[in-house]
Every structure is written in structure tokens, then in C-alpha cells.
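Comments concern the structure below.
The values are calculated or read from the model by the stated rules, or taken from the named source; none is laboratory data. Remember, it's a predicted structure, so these values are computed and weren't measured experimentally. Every residue, glycine as well, gets a Cβ built from its backbone with ideal geometry; the counts of neighbours run over all protein chains shown. Note: areas computed on protein heavy atoms with side chains; ligands, DNA, RNA excluded. Shrake-Rupley method; radii C 1.70, N 1.55, O 1.52, S 1.80 Å.
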Amino acid sequence: MLIDHHTLPDDGFDYKFSDTTASASAELVFEIIRQLDPDLLINKDIATCLYSGIVTDCGMFKYPSTTSRTHAIASRLLESGIDIGRINSLLFDNFQGKKTTILGTLFFRKITDS
């Protein structure tokens, strides 16, 4: 399965969900969750992961693809009680260099274990 917001996403997947109007793939994941079960409450751990995906993929909300929908989703994730100061610190303050690669499993384990 591929979930992507870039133009011309890769082929070779059994299922492809692509929307180039989204600012982040995590924004699409949020929408998929809401479409599957609109009453589903997104807990703090899920919200932390989705917010982290959005904030990194849309360049901390500075890329032109960032829309009011992006901010509305971020707002809903904030309602889950996520700690954006801690998330942003772990994402952006602990690494040096032009480009940072975050190993998702290690990062999300560090956030959700505390």
C-alpha cells in the first residue's frame, strides 16, 4: 500500500492512495482514519505520530502546500494532548547538519515511552 502526497507517486503497489493537494502523507493517514471510523478517537500516541509526520513533511508549516486543512488537522491532533514542544525538540533540536533522517521506530518509541 502506498500513501503519498507527491506528484507521480511510485507504481508497483496493490493499493495506492494519493492526493497531491495534501501537505503531508500523515495528513492523508489522518483522513483515512476519519473515513474508516468518524467516531474514532485518535489517542495521544497516534496523534503524536501523525503530528510528527505532518510537521516534518510540510517543513514546519512553511511549504506552500500547507493549507488551512493542514492546520485544522494539526489543531485536532493538539486536542489529544500532544506535547508539541517536546515533539519539535526531538525532531529538530537534537540533530545537526543540512538534512536529518529520523528512524521512525526509534523516534516514536522515544516519544511514546515517556
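Numbers below:
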read-out: Mean accessible surface per residue for region 1-89, computed with a 1.4 Å probe while every protein chain stays in place, in Å²; value: 60
read-out: 16 Å cut-off, amide nitrogen to a point 7 angstrom out along Leu41 Cα→Cβ, residues in region 67-88; value: 76-82
